[in-house]
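Let me begin by presenting the structure, written as structure tokens, before commenting on it.
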Amino acid sequence: MKIVSLVGLGALLAAVSMSSAFAQTARPYDQSGPLTRAQVRADLADWRAAGYDPLDWIDYPDNAQRAGRIVAMRRAQQMGGSTTQ
């Protein structure tokens, strides 16, 4: 029984370490590096200006998705691109 539990623990540790390795390397949104504190604050300000309220947990998925679309449209307009809905 002790061998089975050790094998199970080893498998669990291997799975966790592999998933954390993939999570650290998978960054589909921006390959330039980590964000600074000022960039994160500016991003939050953009989301809040778009109507997102982090304390509104009742409407959480809907208000976050709506604000995300608005922020994406505004950023696309700033970059000179266009988006479709």
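Pairs are defined by a Cβ separation below 6 Å, a sequence spacing of at least 6 or placement on different chains, a first member in the stretch 53-71 that is under 17 Å from Ala42 (Cβ atoms), and a second member that is modelled with pLDDT of 90 or more and assigned to a helix (DSSP H, G or I); the pairs so defined are Ala67/Trp47; Val71/Asp46; Val71/Trp47. Selection over the stretch 55-85 of residues that are exposed (fewer than 12 other Cβ atoms within 10 Å of the Cβ) and either on the phi < 0 side of the Ramachandran plot or among the basic types (Lys, Arg) (or both) gives a count of 15.
The values are calculated or read from the model by the stated rules, or taken from the named source; none is laboratory data. Predicted model only: the values in this text are computed from it and were never measured. In this analysis, Cβ positions are derived from the backbone assuming ideal geometry, glycine residues included, and neighbour counts consider all displayed protein chains.
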